[in-house]
Amino acid sequence: MFEIGKKGAPEAGPRPESSPARTDPSPPRSTSSAPVSREAAVIGPSIHIDGDVRGEEDLLIEGEVSGTVNLKNNSLTIGPQGKVRADVYAHSIYVDGYLEGDAYGSERVNVRKSATVKGNITSPRVSLEDGAKFKGAIEMDPQAGQNVINRGAQQQQPPRTAPQQPPQTQAAAPKPVVQPAKPESPSVVKTGAVS
């Protein structure tokens, strides 16, 4: 009935093949409706940046940034320890910490309850959680998203200076046509003498 193998273990038929080891390093996917977050670059709590920050990936700021932050196609998160004194341009902006400057979100701006924001917000969708501190103005407009992209692009380009040309080579502007003035009707002038 059972055959005993060389090591003394009974064999009950063919052994099932072991499944190959899983080599996929990605974590199992959640079935919840929460959005899947991508890996983000991090500016840590001990980092201080003075200047312009631009990038093509999501960014989490836990340190201090002064200047401008431009992530036109990505999200920006200002963490609970983050302090940003800058105008920020991003697809989505999430504020948990401190922001002093204008926020331009082409998709949304979310100010969470632990946040303090001093500046204007422009985005098609804006949410302020109960308890958040906010001082500024909010502009919610479907066109605001396109305006954000345009403003962010203008911030990235250096100011253009027109090449100077000598006055002789410039085309003369056409002279305006001047209409002759209409003669006024003669007026009667009375003198002080009456006869």
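Residues in segment 85-125 that are aliphatic (A, V, I, L, M) and either in a loop (DSSP other than H, G, I, E, B) or open to solvent by 30 Å² or more (accessible area, probe 1.4 Å) (or both): Ala115 only. Looking across segment 53-75 at every residue that is of a type in the set (Val, Ile, Thr) and more than 10 Å from the chain's Cα centre (by Cα), the one that is surrounded by the fewest Cβ atoms within 10 Å (Cβ to Cβ) is identified as Thr68.
The values are calculated or read from the model by the stated rules, or taken from the named source; none is laboratory data. Note that the coordinates shown come from a computational prediction; the quantities given were computed from them, not determined experimentally. In this analysis, Cβ positions are derived from the backbone assuming ideal geometry, glycine residues included, and neighbour counts consider all displayed protein chains. Calculation scope for accessible area: heavy atoms of the full protein, side chains included, ligands and nucleic acids excluded. Shrake-Rupley method; radii C 1.70, N 1.55, O 1.52, S 1.80 Å.
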